Amino acid sequence: MSESPYADGGKDDGIEVRDDQKTVIEEENEEEPKIVIREEKVKSVDVEEKEDRIYRYYVIVGSFRYLDNARTYKQDLIDEGFVPVILENENGLYRVSVAAYNDELPARNNIAAIRRNYPKYSDVWLLIRKQ
């Protein structure tokens, strides 16, 4: 699995988490819901993007019209052990990403893991960065 550009911690079941956080894994036999996918031009708001560290697939857990709301949500996610980054799309919406990859499969696996382990983030979705 590719390293997320945000992680200062480790991975637990594919989810980017800080080292001091543990994930509870619950097995379910239900079929996984389909993953919503959107393709958008985005730029990072709070992390400097370098040419060799621009990713194509982002795991999104929140979307906001106002940057202050995205920042508040980001802090809530940090408190829960995630390592989030805020992205801005071409329409001025702020997307809160908890992981990024250059390959689609690890991103999809991370989304499935978040849905299993964090039911309140069951609306997590996949953003594909437009080239």
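The values are calculated or read from the model by the stated rules, or taken from the named source; none is laboratory data. From a predicted model like this one, the values you see are computed outputs, not experimental measurements. For neighbour counting, all protein chains shown are included, and Cβ atoms are generated from backbone atoms with ideal geometry for every residue, glycine included.
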Quick one: residue 49 ticks every box in (1) out of contact with any strand residue (DSSP E or B) (no Cβ under 9 Å at 6 or more places or on another chain); (2) without any contact (Cβ under 8 Å) to a residue 60 or more places away in the chain except a single one, so which number is it? (1)
Looking at this structure, is residue 57 on the phi < 0 side of the Ramachandran plot and either at pLDDT below 95 or surrounded by 20 or more Cβ atoms within 10 Å (Cβ to Cβ) (or both)? yes
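What is the residue count in the range 78-98 for residues that are on the phi < 0 side of the Ramachandran plot and buried (at least 17 other Cβ atoms within 10 Å of the Cβ)?
The initial filter retains those residues of the range 78-98 that are on the phi < 0 side of the Ramachandran plot, namely 78-80, 82-91, 93-98.
With the extra rule that they be buried (at least 17 other Cβ atoms within 10 Å of the Cβ), the set shrinks to 82-89, 94-98.
Residues that pass the stated criteria total 13.
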Subset of the range 107-120 (residues that are surrounded by fewer than 20 Cβ atoms within 10 Å (Cβ to Cβ) and within 13 Å of the chain's Cα centre (by Cα)): 108, 109, 112, 115, 118
Restrict the check to the range 18-35 and report whether at least one residue is out of contact with any helix residue (DSSP H, G or I) (no Cβ under 7 Å at 6 or more places or on another chain), surrounded by 14 or more Cβ atoms within 10 Å (Cβ to Cβ), within 24 Å of residue 103 (Cα to Cα) and modelled with pLDDT under 95. yes
Note: among 95, 108, just one is within 14 Å of residue 44 (Cα to Cα) and among the charged types (D, E, K, R), namely 95
Looking at (1) in contact with a strand residue (DSSP E or B) (Cβ under 7 Å, 6 or more places away or on another chain); (2) at pLDDT 95 or above, find the lone condition where residue 66 falls short. (1)
